Amino acid sequence: MHSQFSTRRARTARRSFQRRRSGFTLIEIMLVLVILAAVAGIAVLALGGNKDAAFKRTAESQINVLKNFIDMYQLNVGTMPPTLDALYEAPSDVDAARWSQVSRDPIKPDPWGRPFEFKVNGDKYELRSLGPDGQSGTDDDIVG
């Protein structure tokens, strides 16, 4: 009789232990969250550098396209466009017969969301993206 009682008691103890161990403890959950946060932080840092490089390449590509548009405008009209908007909409001071739309869409801002800087000096021009810092004339400007 004693052996049946201790066997039953052992089974009951095992079942109650299994019931208690069926979930995770708060410490285990917190440890997993800390590990996930660390991995996410490393991923953000790694992708952040790639994002800047991708933005710079995109700005360079946009500048090259704009340079082609400016050249087409100059061939059609005979002068430099007064602004980049003239590539899409006819300026009021240009002969409508000579002007033709060289850009199908309005000129989009650079990858950082700022307009391109466009300066005309006679028959020469400077086109630039202000880069990540948004300041003109700094080392991170992308010039075309």
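The values are calculated or read from the model by the stated rules, or taken from the named source; none is laboratory data. These numbers were taken from a predicted model, which means no experiment stands behind them. Quick reminder, even Gly has a Cβ in these numbers, built from the backbone with ideal geometry, and neighbours come from all protein chains shown. These area figures cover heavy atoms from the full protein model, side chains too; ligands, DNA and RNA do not enter into them. Shrake-Rupley method; radii C 1.70, N 1.55, O 1.52, S 1.80 Å.
Annotations for the structure displayed:
- Ignoring lysines fewer than eight residues from Lys119 along the same chain, the ones with Cα atoms less than 19 angstrom from its Cα are Lys67, Lys108.
- Measuring nothing but how far apart in sequence close Cα pairs (under 8 Å, 6+ apart) lie, relative to its length, the range 20-139 scores a relative contact order of 19 percent.
- The residue among Asn64, Tyr88, Gly122 whose Cα reaches farthest toward the positive pole of the charge dipole of the range 58-142, with charges on the beta-carbon of Lys, Arg, Asp and Glu, is Tyr88.
- Given a 1.4 Å probe and the protein chains as shown, Arg98 ends up with an accessible area of around 120 Å².
- ³J(HN,Hα), Karplus 6.51/-1.76/1.60, whole Hz, each residue of the range 57-72, x for Gly, Pro: 5, 5, 4, 4, 5, 4, 5, 4, 5, 4, 4, 5, 4, 5, 4, 5
- For the range 82-144, accessible area per residue (1.4 Å probe, heavy atoms of protein chains only), Å²: 63 Å²
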